[in-house]
Ligand SMILES: Nc1nc2c(ncn2[C@@H]2O[C@H](COP(=O)(O)OP(=O)(O)OP(=O)(O)O)[C@@H](O)[C@H]2O)c(=O)[nH]1
Ligand SMILES: [Mg+2]
């Protein structure tokens, strides 16, 4: 049975992205900002089939098309009315995996909001009173972590009990918790530093059977001069992601800006964003929100495949080291006017277009990109055209490099469009695990090296003013660098035919 997801959003970026994300989830489940549900639109064309009563093999089109080795199970999509508390009307979705539902039928996000400065969280609670204010942790000083990972980490360490209490309280409200999701930026102080400490705690305290994923925003390279130490913060955070996350969805602000520029989304999205206002992030945050919400579509609107985060991650992450996932959005599908031009096949081609990826691929075309896994989510209110999907799969397989040890399978999730969303006909995202992530990590290492070789600003990470302390911090940084380098090497090595016949592995197994 699919379990609940608890979301932890930390820092300005985490909370702003989180705000867009919850806005989208609320819209899809027909919830008003204060958490009151709308009546389920029964007259909608939305079709729901109880696949739990069918053998997996009689499912609709995509099964043979996707042929995944680790498809989702066919768990009951319809549950008895009695299992839903005090609901006045029957619903076909699964909002309770992401929201708690009160006896008065009010929905509250299973979310914990953390920031060291209060403004974003205050606005969130004001604009969306559905959030539980008791789940907000704001520093009493309210001054932020000054773009310094160590300040954030230290604060996280000092206040870890309060944060664990918030998490425990949410965990206690779950019947079958399966997933923690951290939303944050890797480059500031709070989302990166407090986020790192939280990842460690999640790993220590709630390890068994729970999956931890992160939605991690990487800084724009063009703007690194704004905050010189971003490469330090990124490396320190990356080490915790490598050691404590089961899967990281990577969003690079430069790539998001490129997509936005292509679409001129800025203009459209800046109009009604209650929190980011007319900042340059509002369009980017909507893109992230749309992608992350789409990934959980088959969990929230269940069918017969990929109905749990476990099944999605099992397909996407072949080994614990190779877990940095790129996403892609078929952006034109978000514009109602373009629908008539887009069918399933066109959508597949758009999703494979490097320009629409959340990480910039093959910037210098110096290396070939290999795909370790690839999955397309198509979300529509109607049945999809199997022939067009099949044509799309063949085309993508023809164009894509897979390492010889990896499956050439292209997973296809036929998601169901929420009946409350009426302005879209076909929406698509792609999830992939590919080797181009190395370029992003190498770039961060190069920027890190430029700072580290001169020990620039190292003193701002020190706990005291002494040569020994500077050397200690330099040592810690070098260790983090090495950890990141290991992942780079792993992504390079996995292109090889012999990747799975690793010598060290053989030695350990003997
Ligand atoms: N996509 C996106 N990026 C953001 C947003 N807000 C900040 N960033 C990026 O995140 C990085 C800075 O992280 P913040 O989240 O502002 O920092 P913080 O976690 O609040 O930490 P401190 O303010 O230092 O305590 C920079 O690279 C910003 O460009 C946002 O709403 N969306
Ligand atoms: Mg901040």
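Every number in this text was worked out from the coordinates using simple rules, so none of it is lab data. Here the structure is a predicted model, which is why all the values come from computation and not from measurement. As a convention, Cβ positions derive from the backbone with ideal geometry for all residues, glycine included, and neighbour counts pool all protein chains shown.
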### Query
Let a ≥ b ≥ c be the square roots of the eigenvalues of the Cα gyration tensor of segment 149-220; is it rounded (a/c under 1.5), or, if not, prolate (a/b larger than b/c) or oblate?
oblate
### Query
What is the Cα centroid distance between segment 100-121 and segment 382-398, reported in whole angstrom?
40
### Rough spin-label spacing in nm, given labels placed 7 Å along Cα→Cβ, for residue 175 and residue 467
6.5
### Task
Fewest Cβ neighbours within 10 Å first, please rank 461, 90, 499 accordingly.
90, 499, 461
#### Entry: Least to most buried among 179, 383, 184, 252 (fewest other Cβ within 10 Å first)
383, 252, 179, 184
### Task
Could you work out how far apart the two model spin labels at residue 387 and residue 102 are, taking each label as a point 7 Å from the Cα in the direction of the beta carbon, and quote it in nm?
5.4
### Query
Which order do peptides 161-167, 442-448 fall in by mean Cβ count within 10 Å, highest first?
442-448, 161-167
### Task
Could you calculate the FRET efficiency of residue 404 with residue 200 from 1/(1 + (r/R0)^6), where r is the beta carbon distance between them and R0 is 35 Å, rounded to 0.05?
0.45
### Task
Post the alpha-carbon centroid distance, segment 466-503 to segment 179-229, in whole angstrom.
18
## Note on the structure
Burial-style ranking of 131-139, 372-380, 482-490, average other-beta-carbon count within 10 Å with highest first, yields 372-380, 131-139, 482-490
### Query
How much length is gained on full extension from residue 168 to residue 208, taking 0.36 nm per residue of separation minus their Cα-Cα distance?
12.9 nm
